[in-house]
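*Asks:* One structure follows; several queries about it will come next.
The values are calculated or read from the model by the stated rules, or taken from the named source; none is laboratory data. Bear in mind the structure is a predicted one, so any value in this text is a computation, not a measurement. Here the Cβ is made from the backbone with ideal geometry for all residues, glycine too, and neighbour counts use every protein chain on show.
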Amino acid sequence: MADSNFLIAWRNLGRNRKRSALACAAIGLGQFAFLATAAIMHGYADHYFASITGPLVGHVQILAPGWREDRAVDRTLDEVGSKLAAIRQRPEVVRAAPRIYAPVLAALAEEGFMGVVVGADPAVEANAGGLLGSEVLAGMLGDGQVLVGRGLARQQGIEAGAELAVIGQDIDGSIASELYRVAAIVDSPVELVNSLGIIAAIDDVRVLLQMGDEAHEIIVHVQDIEQVAQAVAGLEAQSALAEAEVKPWNEVVPQLAGIIELMNVYTLVILAIVFLASAAGIANTMLMSTFERRRELGMLLALGSSPARLVRMVATEAVLLGLLGVALGTALGVFFALLTAGSGFDFAELGGTESFEVGFQGVQVASRVYPDLHGRDVIAGVVAVLVTALSACVWPMVHISKLEPVEAMRG
C-alpha cells in the first residue's frame, strides 16, 4: 500500500512538472538560505566566542574585589602564587594566567601618548588561547623588553627596536617610570592590546608598580564550556579565593554573550522563513492539484476508495514534494559550507572594498568569516519542511474528506 501511494504521488507530481519544479525551487531556496545563514552565523559566533573566552576574558575570571568597577591600580589580588596553586588543583582547569593592567603615559621622544601596560606570564600566555599565543613572542619578554599592539604602533610610529619611556602611578600613589625596548609589534584579537597595549613580563610590571606577589585578575580556561558552572562553584568554595570575585565569562561581558544569543535567534528567524516558503509552495501545489483532480477523486470514491486513502495519497505527495525541495536546498547548503569553510569569504571584498578588522566591545572583528555548518541545522531544516508539508496539506485533506462522489464527478 505504501509503495502504491508513493508511485501515485510521484505520478501526480509529474502531471504539472513546471508547477512542481517551482515549488521544489522555492523550498530548496528556503533551505539553502537557512543553511547558508546558519553556517555564517555559526562562523561569526565561533569567532566571537573564541575571541572572548580566549585571550580576552577566559572562561572564568578571578578578580580583585572592586577592580571591575574602577580599574584602580591598587585594587589587587594578593598571594597570587597560592591562589594559582588552588585554581590549578581543579580537574577541569586547563590553565590559569595572572594579569596586571596599568594606564601609563608613554613616549618615544618628547611627545607622549596614552597606553596600557599589560603584565602577562610568558610561560602561560604562550598557549594558543593565551594573550601571546606563541612561544616565540613569549621568549621575547623579560629584561625590559616589551611587545606593542599593531594599532598603537601604527598610530604612534613605533617600530621594533625602539626605546619606549613610560610613566604612571604605582600602587602606593607614587610616580612609576621605566624605559623599555620594543622587541616586536604584534597583532592581537583583544582590542585593548591592539590599540593601546604595551605587553611586558608580569615580573617587570610588578617592579614598575612596586607590587609583590599581586595581580588584578586571573584568567581561567577550562576543558569544556559545559564545565564553566562547575568550575565557578568549585573555585568559589576554595578558601584561598574567599576574598576574590569569581565570575563566569558571560557575566564579565554580558553584552557579547547577548550578541551570541542574538545570532542564534537570527538563525531561528531564517528557519521561520523556510517554514513560510515551504508552506506557500506546498500549499499552492496541493490545492491546485486537488481542485484539478476533483472529478478523478470523486470517481475513486465512487469505486470504493476510502477518504482516508485519498488523504494519505495527498499527504504522500506533499511529503515527497517537500523532500525533493529540501534535498536540493541541503545539497546546495552543504556545498556552500564545504566551499567556504577552509578559505572563508570576505564581506568587504564582496562589496568591492578591502578586508578590515574593527574593535567592538573589546574584540577585534574581521570582515572575513569562516562558515561552519552543524548537522543539527540540516536536521532542523528537514524537520521544518516535513512539518510544514503536512501542515500545508491540511486544507486539501479536509476538502477531500468532505467530497461527495456524485457532486465531485459533475465537476
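*Asks:* Within the group 229, 242, which residue is surrounded by fewer than 19 Cβ atoms within 10 Å (Cβ to Cβ), in the same structural domain as residue 157 (by TED's automatic domain parsing), more than 30 Å from residue 160 (Cα to Cα) and more than 24 Å from the chain's Cα centre (by Cα)?
*Replies:* Unique residue meeting the criteria: 242.
*Asks:* Working only within the stretch 312-331, note down all residues that are touching a Leu at 6+ places or on another chain (Cβ under 8 Å) and within 19 Å of residue 371 (Cβ to Cβ).
*Replies:* The answer is 329, 330.
*Asks:* If a residue must be modelled with pLDDT under 70, of a type in the set (Gly, Ala, Ser) and surrounded by fewer than 17 Cβ atoms within 10 Å (Cβ to Cβ), how many such residues does the stretch 1-33 contain?
*Replies:* 3
*Asks:* Which of the residues spanning the stretch 154-203 are assigned to a helix (DSSP H, G or I) and buried (at least 20 other Cβ atoms within 10 Å of the Cβ)? Give the steps one after another, and end with the answer.
*Replies:* Of all residues in the stretch 154-203, those assigned to a helix (DSSP H, G or I) come to 154-156, 191-196, 202-203.
Answer for the stretch 154-203, where residues must be assigned to a helix (DSSP H, G or I) and buried (at least 20 other Cβ atoms within 10 Å of the Cβ): 191, 193, 194, 196, 202.
*Asks:* Another question, if that's okay. Residues 206, 150, 181: which one is in contact with a strand residue (DSSP E or B) (Cβ under 9 Å, 6 or more places away or on another chain), of a type in the set (Lys, Arg) and in contact (Cβ under 8 Å) with a residue 60 or more places away in the chain?
*Replies:* Within the list 206, 150, 181, the selection yields 206.
*Asks:* Moving to a separate point now. Run residue 124 past the list (1) surrounded by 20 or more Cβ atoms within 10 Å (Cβ to Cβ); (2) in contact (Cβ under 8 Å) with a residue 60 or more places away in the chain and report the number of the one that doesn't hold.
*Replies:* (2)
*Asks:* Still on this model: For the stretch 51-74, give me each residue that is without any contact (Cβ under 8 Å) to a residue 60 or more places away in the chain and among the small types (Gly, Ala, Ser).
*Replies:* 66, 72
*Asks:* Then there's this: Within the stretch 127-142, which residues are modelled with pLDDT of 90 or more and surrounded by 24 or more Cβ atoms within 10 Å (Cβ to Cβ)?
*Replies:* 141
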